[in-house]
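K.L.:
This is the structure, below, for whatever I ask next.
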Amino acid sequence: MTVDALTDVAGLLVGHATRTGDGWLTGTTVVLAPEGGAVAGVDVRGGGPGTKETDALDPRNLVQKVQAVVLTGGSAYGLDAASGVMAWLEERGRGVRVGPDPAHVVPVVPAACVFDLGRGGDFRARPDAVTGYAAVAAAHASAPGAAVAEGCVGAGTGAVVGALKGGVGTASTVLDSGITVAALVVANAAGSVTDPETGVLYGELFRGGRVEYPAPEVHEAAGRRLAEVAARNAPPPLNTTLAVVATDAGLSKAQAQKLAGTAHDGIARAVRPVHLLSDGDTVFALATGVRPLDAGQPLALNEVLAAGADVVTRAIVRAVRAAEPVDGPGGAWPSYGGLYGGPDGREV
């Protein structure tokens, strides 16, 4: 049984730490790899990234597997959350062994951040090592294959997409080969997720089947509301879309890096424009290696690559639809559901 989430890739766990109220509107999300780690790759295409340990994922370099991936709010300050994740892993002896004692390990924890500073009213309210520790502990405490909370949680708590509230979203698919491919995103883009002429989500134009377009009068009312919000909010700050795309297929580091690169196509389908100088768009790829790729089927990897982009697009749509509005001292951002309703026309 699948839950249409990153946790459908067996062995991966997801945990959120969310801080709201009293000037807080931020958080951290951790993807915890199975013991022994997962092969990883990364592709950074935004012009303003905030990352940690991404060089370790270069196929030319020594490290073969990572123990966790951290997605966090707080801009570059929030990268400190990775220190808490490393501490949790070190306590359990999980990492690259670097000495004679089994406790002598260095956990490999790549991380990336989104800009959400000041949206909750306090510029100094940002994740730290304690937040990261809480997020990885929540991941470890979750059941294998558990559903993943979406919307304004974890690293998506203070997320914004264009003039709308953003958040966390996730999706998965199982290929005919039995290989699972899944994604988790933090939708926090400078670009827009909606077609300005109709209000439909760009990402839904790629899902197949009939697209439900908002009624013209609904779109007109939404436009008026967004204009009011734009007049109240400060100029759009720096933004970033982050993603972790994962599979249970056996990939090399080079193949994982390719998966991270092609998964950016999924962002480009759902957000326009994308990969701007004010974005830090970063995609991590994880491969647990439970299912070997069919060496006799040259298109097997292509199917994984194509599916990675597809699930990223769906995850962004789900993030936007799950988001809740925010109206506070740091600004006001309506939700897509509040303006346009759900897929069946109801407000969500």
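K.L.:
For K52, work out the one condition from (1) among the basic types (K, R); (2) in contact (Cβ under 8 Å) with a residue 40 or more places away in the chain; (3) out of contact with any Cys (no Cβ under 9 Å at 6 or more places or on another chain) it doesn't fulfil.
P.N.:
(3)
K.L.:
So, in segment 213-242, how many residues would count as being at pLDDT 90 or above, part of a loop (DSSP other than H, G, I, E, B) and open to solvent by 30 Å² or more (accessible area, probe 1.4 Å)?
P.N.:
2
K.L.:
Taking segment 1-17 as the region of interest, how many residues are more than 15 Å from the chain's Cα centre (by Cα) and surrounded by 17 or more Cβ atoms within 10 Å (Cβ to Cβ)? Steps first, please.
P.N.:
Step one: filter segment 1-17 for residues more than 15 Å from the chain's Cα centre (by Cα), giving 1-3, 8-11.
Filter once more, so that each one left must be surrounded by 17 or more Cβ atoms within 10 Å (Cβ to Cβ): 8-9, 11.
Of the residues in segment 1-17, 3 are more than 15 Å from the chain's Cα centre (by Cα) and surrounded by 17 or more Cβ atoms within 10 Å (Cβ to Cβ).
K.L.:
Moving on. Would you mind telling me which numbered condition in (1) modelled with pLDDT of 95 or more; (2) buried (at least 22 other Cβ atoms within 10 Å of the Cβ) G145 fails?
P.N.:
Of (1) modelled with pLDDT of 95 or more; (2) buried (at least 22 other Cβ atoms within 10 Å of the Cβ), only one is false for G145: (2).
K.L.:
State whether the residues of segment 152-174 include one that is buried (at least 24 other Cβ atoms within 10 Å of the Cβ), farther than 18 Å from A332 by Cα, in contact (Cβ under 8 Å) with a residue 60 or more places away in the chain and not small (G, A, S).
P.N.:
Yes, segment 152-174 has at least one match.
Each row is one residue, and each column tells you yes or no for (1) at pLDDT below 95; (2) buried (at least 21 other Cβ atoms within 10 Å of the Cβ); (3) among the acidic types (D, E).
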{"residue": "L276", "(1), (2), (3)": "yes, no, no"}
{"residue": "A295", "(1), (2), (3)": "yes, no, no"}
{"residue": "V304", "(1), (2), (3)": "no, yes, no"}
{"residue": "A309", "(1), (2), (3)": "no, yes, no"}
{"residue": "V317", "(1), (2), (3)": "no, yes, no"}
{"residue": "E347", "(1), (2), (3)": "yes, no, yes"}
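Every residue, every condition in (1) open to solvent by 50 Å² or more (accessible area, probe 1.4 Å); (2) of a type outside the set (A, V, I, L, M); (3) at pLDDT 95 or above; (4) touching a helix residue (DSSP H, G or I) at 6+ places or on another chain (Cβ under 6 Å), yes or no:
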residue: D58; (1), (2), (3), (4): no, yes, yes, no
residue: V63; (1), (2), (3), (4): no, no, no, yes
residue: Q67; (1), (2), (3), (4): no, yes, yes, yes
residue: L71; (1), (2), (3), (4): no, no, yes, yes
residue: D80; (1), (2), (3), (4): yes, yes, yes, yes
residue: G93; (1), (2), (3), (4): no, yes, yes, no
residue: G99; (1), (2), (3), (4): no, yes, no, no
residue: H104; (1), (2), (3), (4): yes, yes, yes, no
residue: P107; (1), (2), (3), (4): no, yes, yes, yes
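The values are calculated or read from the model by the stated rules, or taken from the named source; none is laboratory data. The structure displayed is predicted, hence computed values, not measured ones. Note that each Cβ is placed from the backbone with ideal geometry, even for glycine, and that neighbours are counted across all protein chains shown. Remember, those area values only see protein heavy atoms, side chains included, never the ligands or the DNA or RNA. Shrake-Rupley method; radii C 1.70, N 1.55, O 1.52, S 1.80 Å.
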